[in-house]
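These notes are about the structure you will find just below.
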Amino acid sequence: MKQILTTVILITVLFVCGSCGSQIPVHADDSGLSIVTTIFPPYDFAREITDGADGVTVYQLLRPGMESHTFDPTPADILAVQNCDLFIYTGGVSDEWVQTLLDAAPGAEEKSIRMIDLVAAVEEDHIDGSTHRHDHDHAEDDHDHETPDSDHVEYDEHVWTDPHNAAVITNALCDAICTLDTQNEALYRQNTAAYIDALSALDGVMHEISEHASYRTLVFGDRFPMRYLCDAYGLGYRAAFPGCAAESEPSAATMIFLIEKVREEGIPAILTIEMSNEKIAKTISEETGAPICRMHSCHNRTADEAAADKTYLDLMYENAEVLKIALGVTE
């Protein structure tokens, strides 16, 4: 019965993929190493690690422009995970749908890696902008870094926004990939070392920006997925919502607070994130005169960014330029 079901799904997937030109890897043979990720950062890290290796397929489930919070895996996605050698996902609130996918793909759990398990995760901050406690230098703050092993604790999943975490994750993925493909281990280790150097250079740029900042607080008229970045560089923040908030409208108290905060401190810019309608940021901007700038959480690329094949490093260096504006850094 399992074989019949798999065959039916495969036929359906082949028909759909043939109709829409999808690049979903549907082969079930052992012709090469197959890696599947839910979102963009591990996809890009895996591409860097395996660059130049023959027969390696790296596939991202979220298509360009999709939100992970509302993603609904198709039979093709289930088959891709079932047939892959390594499956990488975040392990946070936005991809709770992954468990359904794992349950539907026999053996997937055993070959999966949760990124949130690889670094020191912090609890999601649910305090809104009007009462936020992180309006100061995080370097002096005593945050509790915990491991995500409790069912009742909700962790901030955007761990990759800190380049140091990105390096830790990349090293861990390299180890897993080398275990699966020992023949290309030397290449994978060489690629990883070069990429870690590039991440270290990015980290250095971010530190330099924070050290020359005229302001220490970022104001987001949007959700806030940059907690790990702010913690890494000693920045305070105020935001309309936490990173994985389901709300679409902030409270009146939050809006008033954010507007007054920008006015009183002369905050140079209002920040939004990618794929935002910028409605909240526009209201704050209209009331204060501060311009709107976009930061990229990197969780997924837009269609244009994917067409240009922008990398994690590309997007993070764009973030660095935005930080210069938002923090009042002068050359």
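What residues qualify as long-range amide H neighbours of I88, i.e. H under 5 Å apart, gap of 5 or more or another chain, H built at 1.01 Å from N?
The answer is V36, T37, T38, I113.
Would you work out if segment 260-331 is rounded, prolate or oblate? Take a ≥ b ≥ c from the square roots of the eigenvalues of the alpha-carbon gyration tensor; rounded if a/c is under 1.5, else prolate when a/b is larger than b/c, oblate otherwise.
oblate
Rule-based calculations on the coordinates, nothing more; no lab input. Keep in mind that what you see is a predicted model, and the values were worked out from it rather than measured.
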